[in-house]
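The values are calculated or read from the model by the stated rules, or taken from the named source; none is laboratory data. None of these values were measured; they are calculated from a predicted model. Positions of Cβ are backbone-derived with ideal geometry, glycine not excepted, and every protein chain shown enters the neighbour counts.
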Amino acid sequence: MKLKWLFFAVLSAFLVLVDSGSEAVDTRQIDAVLRKGVLDSRDLQIIDDFIGEAVRELVQTRDLMDIAQNRMVILSRQSDQGQYAQQFSESAHKHISSGLQEASRLTPEDRRVVITVNLLILIDGLEYLRLANLAVSKLTDKSEVVRYWAVHCVTSPGIIKKLNSGGESNLKLARNIVMVLNKLVESGGPEITALMTRFAANVKIQQAQDLLLQIANMRIKRYADWKVKFEPLDDIILKSLCSRISSAGPSNTAIVRSFSQLYSYVIQRYAKGRELLSDTQQGQLASVIVETEDKCISKLLGRTQTGIKRAIEADDTTALLREHDRLLGDETSTGQLPSKLKFEYTGGSKTAPAPLPEPPEDRSR
């Protein structure tokens, strides 16, 4: 996919091998502090000076190798020692904040992007909650690559774990992150949407569940309009919805409905788009359909389901749609999933998911 190659290109430029050059920042004093058990005020100042110098070097240098080197020098000097860790975190926040402000004024634009992205990669590696707010400020940046790394910073597994650890400040930060991520649902590419989906599935606040629903409903609408792109993304979305159903129980009707409708549209797109979609798209849809049956439908029903897989392997569209109706329901009868999870669909029929409109006559869509 196009975005995936874009980000790989960015990584190849920014994540330069760190052993290919000499360190631009003198590390002798900070390494001595790292070996100490109890620190004094001078040691704390050495930590602050070290991070300040390394961040300044990162922002000011024009050599990509030196940029990556300075970033890794900082990351490799983290420690769990109490005094050291606290000062390291405080200094990182102070100097990276200043670095981002300076980067925002850099010209030309590609230099601003390079430095901003490297600072975000540094934030991502440090995984300090106090730095997440700095990344939040870049979630709506005009550069797609900057937005991607900002989202990566605030949705990493380490950050999610810390947000879920409790405390009012953590809850406030989680809500703030979700509030800004909501603005990216319609415009975010598949890489960004995948990160947001996993975040929404795992952060334990109601607003995160609402974000997941917003993402699912965005995809549902795009399926209905025959404008959906990169179908493998729906494997992540469907599994995330399934995870929410499993953790919260079937009483969460909105999540259950969205899961069922999205899965229905994936199956219907596969069945109705045989002449419209490429072989690659057909293969990707088939993979999503079979994987969801195995990992989600079987889990939710409490028994192994293989009817959909057999129908796809036999290239039998009639059998596939018959299995769709048996599991999800049709106009005349309730499907096994709605019956098990005790929900009804909204719209024209309470027993059947909405039918996917016929493919557009304009095959260029």
Pick out, from the range 36-141, the helices (runs of 4 or more DSSP H) lying fully within it that include 3 or more residues that are of a type in the set (Gly, Ala, Ser) and touching a Phe, Trp or Tyr at 6+ places or on another chain (Cβ under 9 Å). 82-103
Being in contact (Cβ under 8 Å) with a residue 24 or more places away in the chain and closer than 20 Å to residue 131 by Cα: is that true of residue 196 here? yes
Here the residues within the range 194-208 that are surrounded by fewer than 21 Cβ atoms within 10 Å (Cβ to Cβ) and under 23 Å from residue 293 (Cα atoms) are 198, 202
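Let's see how each residue does on (1) surrounded by 19 or more Cβ atoms within 10 Å (Cβ to Cβ); (2) without any contact (Cβ under 8 Å) to a residue 60 or more places away in the chain; (3) of a type in the set (Gly, Ala, Ser):
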{"residue": "148", "(1), (2), (3)": "yes, no, no"}
{"residue": "158", "(1), (2), (3)": "no, yes, yes"}
{"residue": "161", "(1), (2), (3)": "no, yes, no"}
{"residue": "166", "(1), (2), (3)": "no, yes, yes"}
{"residue": "171", "(1), (2), (3)": "no, yes, no"}
{"residue": "174", "(1), (2), (3)": "yes, yes, yes"}
{"residue": "186", "(1), (2), (3)": "no, yes, no"}
Kindly evaluate residue 141 against the criterion of being closer than 22 Å to residue 25 by Cβ and of a type in the set (Asp, Glu). no
So which residues in the range 171-216 are outside any helix (DSSP H, G or I) and aliphatic (A, V, I, L, M)? 185, 203, 205
Hits in the range 85-102 - residues which are buried (at least 23 other Cβ atoms within 10 Å of the Cβ) and under 26 Å from the mean Cα position of the chain (by Cα): 92, 96, 99
Does the range 293-302 contain at least one residue that is touching a Ser or Thr at 6+ places or on another chain (Cβ under 9 Å), of a type in the set (A, V, I, L, M) and within 17 Å of residue 269 (Cβ to Cβ)? no
Would you pick out the residues in the range 246-256 that are assigned to a helix (DSSP H, G or I) and surrounded by fewer than 23 Cβ atoms within 10 Å (Cβ to Cβ)? 246, 247, 248, 253, 254
Sort out which residues of the range 270-288 are under 20 Å from residue 352 (Cβ atoms) and touching a helix residue (DSSP H, G or I) at 6+ places or on another chain (Cβ under 6 Å), and write them in order of number. 270, 271
Any residue in the range 268-275 that is part of a loop (DSSP other than H, G, I, E, B) and not charged (D, E, K, R)? yes
Meets criteria (assigned to a helix (DSSP H, G or I) and at pLDDT 85 or above) for residue 32: yes
Over the range 113-130, the set of residues surrounded by fewer than 18 Cβ atoms within 10 Å (Cβ to Cβ) and either farther than 23 Å from residue 169 by Cα or more than 19 Å from the chain's Cα centre (by Cα) (or both) is 130
Filter the range 350-365 for residues that are surrounded by 11 or more Cβ atoms within 10 Å (Cβ to Cβ) and touching a residue at least 60 places away in the same chain (Cβ under 8 Å); the one that is farthest from residue 262 (Cα to Cα) is 360
Quick check on my filter: what residues within the range 276-319 are in contact (Cβ under 8 Å) with a residue 12 or more places away in the chain and among the acidic types (Asp, Glu)? 291, 293, 294
